[in-house]
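Chemist: For reference, the structure I am asking about is given below.
Where a number appears in this text, it was derived from the coordinates with a stated rule and is not lab data. Bear in mind the structure is a predicted one, so any value in this text is a computation, not a measurement. Positions of Cβ are generated from backbone atoms using ideal geometry, with glycine treated the same way; all protein chains shown enter the neighbour counts.
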Amino acid sequence: MFEKLKSGLKGLVSKVTTTELKGENLRPVLSEFKMSFAENDVAFPVAEKICDEMEKRLDGVQVKRLTDRRKIVEDNLRDILLGVMQSNGKIDLLKQIEEKRKKGEPYLIVFVGINGTGKTTTIAKIVRFLNKKGYSVVLACSDTYRAGSIEQLEEHAKRLGVKMIKHKYGADPAAVAYDTISHAKAHGTNVVLIDTAGRMQTNQNLMSELEKIKRIVHPDLTVLTVDSLTGNDAVMQAEEFHKSIGIDATILTKVDADVKGGSALSVTYVTKKPILFIGTGQTYDDLEEFNPERFVQMILK
């Protein structure tokens, strides 16, 4: 995972460690690494931020005799990367669900994203995650456009032993979501997961449909699934979805196959919203809660 990003950061640390810590000497080295970051799916504004901060922090630093220069460079880089990964507030999903459960209300999550990002499979993984934590779940198939979408979600529901609410193809997606919430309230179900049609972020009609779902449902959380393998496309999707409908968090899928790794840095930076989970494989259990500190530690190893 993220081998190229790790290698790029290692190269950056080595090069800066052997450079005199003055702005005019650091600048060409950092400029070269901006391009290396871009090649590893780090969005340009993020690459620029990392390199500018490195120059600002290290310019003119006096290194005492016997002090480990490499450690100084690594510590500063770690702080900068954590700063890039910081979002507006941490989401404690289980705590929020528990608070709604105590009030006797279901917790509502709407999932958005374009086709092919693994959104429906990710929803199934979250069912497994929540079931293991002792919460009951009902699924809403508000993707009434894509051929096979209802059957796909239904298959996951059967395998996981949870209820799914559906209408016919072409039905109003907001009505499906509304009916599912009514079902959850009537049966004391803890969490409602709403699958929506995969749509290009530039498709205004479908974006309006999403806005309507949000207006009617008032979800507790709107989560965007992005495929980490799409690199800078993932960043553009995150930006556009956030601008159009407002997202609260992202889930990065297919992270196990991502040798570059820049999407994780970039998506958080452009949306200022946290990554909730990362998808790390094909089975229902291949979902990990995302921890920025652990992520930065891993890519700096």
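Chemist: Treat the count of other C-beta atoms within 10 Å as a stand-in for reagent exposure and order 269, 107, 284 from fewest to most.
Modeler: Details: 269 21, 107 25, 284 18.
Ordered by Cβ neighbours within 10 Å, fewest first: 284, 269, 107.
Chemist: Under unit Cβ charges (Lys, Arg +1; Asp, Glu -1), what dipole magnitude, rounded to 20 debye, does the chain have relative to its Cα centre? Write down the numbers at each step before the final one.
Modeler: Working: 45 positive and 41 negative charges, 138 e Å.
It comes to approximately 660 debye.
Chemist: Ok, one more. Quick one: Karplus J couplings for segment 272-287, per residue in order, coefficients 6.51, -1.76, 1.60, θ = phi - 60°, nearest Hz, x for Gly and Pro?
Modeler: Using θ = phi - 60°, the values come out as 6, 10, x, 8, 7, 9, 10, x, 10, x, 8, 8, 4, 8, 7, 9 Hz.
Chemist: Using the basic label-point model (7 angstrom from Cα toward the beta carbon), what is the residue 86 to residue 298 distance in nanometres?
Modeler: 2.3
Chemist: I would also like to ask the following. Expected output is a single nm value to one decimal: the length gained when fully extending between residue 286 and residue 147, i.e. 0.36 nm times separation in residues minus the C-alpha distance. What is it? Intermediate results must be reported in sequence, preceding the final value.
Modeler: Numbers: separation 139, 0.36 × 139 = 50.04 nm, distance 2.62 nm.
Length gained between residue 286 and residue 147: 47.4 nm.
Chemist: To continue, here is another question. Where the only charges are on Cβ atoms (+1 Lys, Arg; -1 Asp, Glu), what is the dipole of segment 131-186 about its Cα centre, to the nearest 20 debye?
Modeler: Numbers: 9 positive and 6 negative charges, 61 e Å.
Around 300 debye, computed over segment 131-186.
Chemist: Debye calculation, C-alpha points only, no solvent: report log10 I(q)/I(0) for segment 3-85 at q = 0.11 Å⁻¹, in the same order as the q values.
Modeler: -0.26
Chemist: Determine, for 141, 51, the number of other Cβ atoms within 10 Å of each Cβ, and report the residues in order from fewest to most.
Modeler: On the way: 141 27, 51 21.
By the 10 Å Cβ count, ascending, the order reads 51, 141.
Chemist: Which listed residue (299, 282, 198) has the Cα farthest towards the positive end of the charge dipole for segment 197-301, taking +1 on Lys and Arg C-beta and -1 on Asp and Glu C-beta about the Cα centre?
Modeler: 198
Chemist: So, how do all the Cα-to-Cα distances of segment 48-147 break down into 10 Å bins, in percent, from 0 on up?
Modeler: 11, 26, 20, 17, 17, 8, 1
Chemist: May I pose another question? Rank 207, 236, 35 by mean-square fluctuation in a GNM of the chain with C-alpha springs under 10 angstrom and give only the top-ranked residue.
Modeler: Result for the chain, Cα springs under 10 Å: 35 fluctuates most.
Chemist: Mind checking the log10 I(q)/I(0) for the chain at q = 0.07 Å⁻¹? Debye, one equal scatterer per Cα, no solvent, two decimals.
Modeler: For the chain, the Cα-only Debye profile gives -0.31.
Chemist: For 144, 271, 253, 18, what ranking results if the residue with the fewest other Cβ atoms within 10 Å of its Cβ goes first? Can you show the working numbers first?
Modeler: Details: 144 20, 271 24, 253 29, 18 11.
Fewest-to-most ranking of 144, 271, 253, 18: 18, 144, 271, 253.
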